[in-house]
Amino acid sequence: MGMACELVEVNGMGDLDSNSNPPILNYASVPAPQANSGLGIASMVIGIAVWVMEFAGIGFAAMLVGKYANRQSPAMIFAGLGIISGMVLALVGVGLGIAALCQRDRKKIGGILGLVFNGLMLLIVGGFMILGLIVRK
């Protein structure tokens, strides 16, 4: 993004008289730089945290499957709650990402990345949950 300015004519012909002042530059047409969206950054940070949380929860649950065949064990319940709370957090991240994209005069990259991170995690974990329900029956 370059700096735009316009040269104001002094004598009507575009030339400067020897007795005239130097050209006046008009910087009013230069747009101010856009600020980062706080909602977008929050969505992106939540998305990254959800990925870490979900992989840790799924890894923990996979590690426990061999030790605890009983699904009622506290460790398995804890792993399941961790995965489900990650999904809820991803929904919050999707909402923040959508809100960030609706803001005017703000950078959109944080909202886009937050939507991608959170949306992908919702699809992946949600798909595994549906697959688990289908296989279980």
Original post:
Just a yes or no: is a residue in region 84-91 at pLDDT 80 or above and polar (S, T, N, Q)?
Top reply: yes
Original post:
When you look at Leu123, is it among the hydrophobic types (A, V, I, L, M, F, W, C), within 18 Å of Met44 (Cα to Cα), surrounded by 14 or more Cβ atoms within 10 Å (Cβ to Cβ) and in the same structural domain as Ala62 (by TED's automatic domain parsing), yes or no?
Top reply: no
Original post:
Hey, does region 99-116 have a residue that's part of a helix (DSSP H, G or I), among the aliphatic types (A, V, I, L, M) and more than 16 Å from the chain's Cα centre (by Cα)?
Top reply: no
Original post:
Right, Ala79: in a helix (DSSP H, G or I) and touching a residue at least 40 places away in the same chain (Cβ under 8 Å) or not?
Top reply: no
Original post:
Looking at (1) over 17 Å from the mean Cα position of the chain (by Cα); (2) surrounded by 14 or more Cβ atoms within 10 Å (Cβ to Cβ), can you tell me which one Pro74 breaks?
Top reply: (2)
Subject >> Boolean, Lys67 is surrounded by 12 or more Cβ atoms within 10 Å (Cβ to Cβ) and basic (Lys, Arg) >> reply: no
**OP:** Output the residues belonging to region 23-54 that are modelled with pLDDT under 70 and either of a type outside the set (Phe, Trp, Tyr) or assigned by TED's automatic domain parsing to the domain that holds Leu115 (or both).
**Re:** Pro23, Ile24, Leu25, Asn26, Ala28, Ser29, Val30, Pro31, Ala32, Pro33
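The values are calculated or read from the model by the stated rules, or taken from the named source; none is laboratory data. Nothing here was measured: the structure is a model prediction, and the numbers come from that model. Glycine gets a Cβ as well: all are built from the backbone with ideal geometry, and neighbour counts include every protein chain shown.
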